[in-house]
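Participant: Below is the structure I would like to discuss, written out as structure tokens.
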């Protein structure tokens, strides 16, 4: 495991802007119950899996599996 490189602290205004942008993104989340049969590009699927792999888990147990 490699430690993350140090990052410069953001000024308060930048932190607030990022927090607001994240909240706006999260507020647009929706539950999907009906799916399209339209094909999805492999690159889109791969990026979604990469993003899912960064999700936090309790006690860092990382209980997910991707098929």
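Each reported figure results from applying straightforward, stated rules to the coordinates on display, with no laboratory input. The structure displayed is predicted, hence computed values, not measured ones. Heads up, the Cβs are rebuilt from the backbone with ideal geometry, glycines too, and the neighbour counts pull from every protein chain shown.
Participant: Determine, for 40, 32, 67, the number of other Cβ atoms within 10 Å of each Cβ, and report the residues in order from fewest to most.
Facilitator: Listing 40, 32, 67 from fewest to most nearby Cβ atoms yields 67, 32, 40.
Participant: To the nearest 10 degrees, how steeply does helix 42-52 sit against the main Cα axis of the chain, on a 0 to 90 scale?
Facilitator: It works out to around 50 degrees.
Participant: Another question about this same structure. With only alpha-carbon atoms in the gyration tensor, what are the semi-axes of the equivalent ellipsoid for the chain, in Å, largest first?
Facilitator: So the three semi-axes of the chain are 28, 21, 13 Å.
Participant: Say R0 is 25 Å: what FRET efficiency, to the nearest 0.05, do residue 64 and residue 29 get from their beta-carbon distance?
Facilitator: That gives a FRET efficiency of 0.85.
Participant: As a footprinting exposure proxy, order 22, 1 by other Cβ within 10 Å, with the fewest listed first.
Facilitator: 1, 22
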